[in-house]
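Data block below; observations after.
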There are 2 protein chains.
Amino acid sequence: MSASAYTDAIMLFGDSLTQAWSDGSLAQRTAEYYSRRLDVVNRGFGGYTSTWAIPVFEQVFATKEAREKGYAQNVKLITIWLGANDACLAPSPQHVPLEEYKSNLHRLISLIQSPDSAYYAPETKIVLINPPPMIESKWLDSRIEKWESFGKEGPKPDQNRDAKVAKEYAEACKDVARETGVPVVDLWQAVVEAAGGEGDDQLDPYLYDGLHLTSEGYAVLFKALTALLDEKYPELNPETLPMRMPHWSDVDPEDPRPAFEKVKNGRLTGEL
Amino acid sequence: MSASAYTDAIMLFGDSLTQAWSDGSLAQRTAEYYSRRLDVVNRGFGGYTSTWAIPVFEQVFATKEAREKGYAQNVKLITIWLGANDACLAPSPQHVPLEEYKSNLHRLISLIQSPDSAYYAPETKIVLINPPPMIESKWLDSRIEKWESFGKEGPKPDQNRDAKVAKEYAEACKDVARETGVPVVDLWQAVVEAAGGEGDDQLDPYLYDGLHLTSEGYAVLFKALTALLDEKYPELNPETLPMRMPHWSDVDPEDPRPAFEKVKNGRLTGEL
């Protein structure tokens, strides 16, 4: 008997930019794009850094052994989108030095790609996403506004981010992509191109608080992501993936059951 | 070693009304509402009827044995939303007679609630959702428009639905709720109330093709659903559920790992 009946999945792994399930978010767009094909498993954790992401990954990604025994979903694609919090300025508790950020990304990729890793998953395609540009003044205003709305508890927020530093982390993510051969969505560049420049006013429509993407910002990401997938992993185009359960018009109304029972697409096969 | 690391889930089970992952859909709203708390597993299948839903359920819902051994997600809540296609007029292949619709819903509930069922899941709370009202003319226009846009292939669509019949199925779903004690969202009534009446013009903003809900229609559903959950299953309020992984400000930056490893919320525990 099958252990369960989960189908293949996409894991979105990262920080608050990934965590969002709002209208137009990466998660919502991806779930809609892969509707009836792949489940979207959102493992975005607001405020988390690439350093924290390693022990978290070990908790949320199934081991090779579990997958081989058929007890876990196959993650066909994982997006790794980190660095926005690492780029906080020291002495912020979220600050991760640039070189450590790079080595953390290397470590995450190695956990998936190294045959020695307990999480080895050669069937899991990886896409890196680098952090988007930011607007310093809008971000500080947003933090002060929140502080005021919560009764000015604690010290008044000061600037904990810098747009030039954020860009360094975006570049570093691309370095890791080059070093590992893992495809990367250059979101920093894509947003700046869509905005027509790096000016605060130009970036404004894409970043609702100076740091987090608006639906328009996510649209830029999603366009770049699907273009990259088409180029690097055409086998992940939803049109080429089998549909979970047949189209309703392919079901024989006189004898419907066989149409559903023969579907083995992505099913867990672990015998109990 | 843990087999995997999926957390507890909500399963949305039904037809195309459930399948949608669009902006403002039931799935998107539920995923956002339960962000960091429960995964949303969308098992909506466009065009499917309550008769087809039974063999499908047996494929997509984990067995009791699998869950007890820790190899499958615990479904904390399942929404069962069927009947819109059953209400197609005979001789449509989707037509399911009213009494059969009711007995199918009884069967689905029994598969979850009966201790003799291989799918017995006493921890799974159930909510029924009845089909919304429909607009006959808008639905037929939409079908004809689609037929024209596909080069008028096949016979010109005729009317295969009836608003009064749809209402009978909505009432029948409420009968099943009464007979089984399972809570029901009376979506039919909620939409008519929000619309201020059953007139085509009144219902228009809620149904984009006369049958499927707009974001405004889903908003009516979601408001009614969360109110019902608060009343019947207050333990499912996201504020009362543990958050997957701690809030970032609760992580010790000097020693982050223990914060993530101690989290056992909803993890699969199957030993390999």
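The values are calculated or read from the model by the stated rules, or taken from the named source; none is laboratory data. No experiment lies behind these values; they were computed from the predicted model shown. For neighbour counting, all protein chains shown are included, and Cβ atoms are generated from backbone atoms with ideal geometry for every residue, glycine included.
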- Determine the pairs where a residue that is under 14 Å from A:V220 (Cα atoms), located within the range A:176-194, has a partner that is outside any helix (DSSP H, G or I) and among the charged types (D, E, K, R) with Cβ atoms under 9 Å apart, the partner being 6 or more residues away or on another chain. A:V192/A:E198
- Note on the structure: The lone condition B:S114 fails out of (1) among the small types (G, A, S); (2) more than 9 Å from every other protein chain (Cβ to nearest Cβ); (3) closer than 28 Å to A:D250 by Cβ is (3)
- Please go through the range B:223-255 and pick out each residue that is crowded, with 20+ Cβ neighbours inside 10 Å, within 14 Å of another protein chain (Cβ to nearest Cβ) and at negative phi. B:R244, B:W248, B:V251
- Task: Scan the range B:87-130 for residues that are surrounded by 16 or more Cβ atoms within 10 Å (Cβ to Cβ) and modelled with pLDDT under 95 and jot them down.
- Result: B:P93
- Item | Unique residue being buried (at least 23 other Cβ atoms within 10 Å of the Cβ), more than 25 Å from A:D250 (Cα to Cα) and of a type in the set (G, A, S) when the list is B:A72, B:A84 | B:A72
- Note on the structure: Per the filter on the range A:19-31, residues in contact with a Phe, Trp or Tyr (Cβ under 9 Å, 6 or more places away or on another chain) and closer than 18 Å to B:A219 by Cβ are A:W21, A:S22, A:G24, A:S25, A:Q28
- Considering the range A:159-170 alone, what residues qualify as being in contact (Cβ under 8 Å) with a residue 12 or more places away in the chain and of a type outside the set (S, T, N, Q)? A:R161, A:D162, A:A163, A:V165, A:A166, A:K167, A:E168, A:Y169, A:A170
- strands (runs of 3 or more DSSP E) fully within the range A:5-99 counting 1 or more residues that are more than 8 Å from chain B (Cβ to nearest Cβ), in contact (Cβ under 8 Å) with a residue 24 or more places away in the chain and within 15 Å of B:R36 (Cα to Cα): A:9-14, A:39-44
- Message: Being part of a loop (DSSP other than H, G, I, E, B) and surrounded by fewer than 16 Cβ atoms within 10 Å (Cβ to Cβ) is the requirement here; does A:G210 meet it?
- Response: no
- Message: Given the criterion within 14 Å of another protein chain (Cβ to nearest Cβ), within 30 Å of B:V96 (Cβ to Cβ) and of a type outside the set (D, E, K, R), identify the matching residue among B:G217, B:G197, B:G181, B:G154.
- Response: B:G154
- Check the range A:224-241 and report whether any residue there is of a type in the set (S, T, N, Q) and assigned to a loop (DSSP other than H, G, I, E, B). yes
- Taking the options A:K146, A:K152, A:K156, name whichever one is free of Cβ contacts under 8 Å to residues at least 24 places away in the same chain, of a type in the set (K, R), touching a helix residue (DSSP H, G or I) at 6+ places or on another chain (Cβ under 8 Å) and surrounded by fewer than 21 Cβ atoms within 10 Å (Cβ to Cβ). A:K156
- Task: For residues that are of a type in the set (K, R) and either at pLDDT below 95 or touching a His at 6+ places or on another chain (Cβ under 6 Å) (or both), tally how many sit in the range B:37-60.
- Result: 1
- Query: So which of A:V182, A:V192 ends up being part of a helix (DSSP H, G or I) and β-branched (V, I, T)?
  - Reply: A:V192
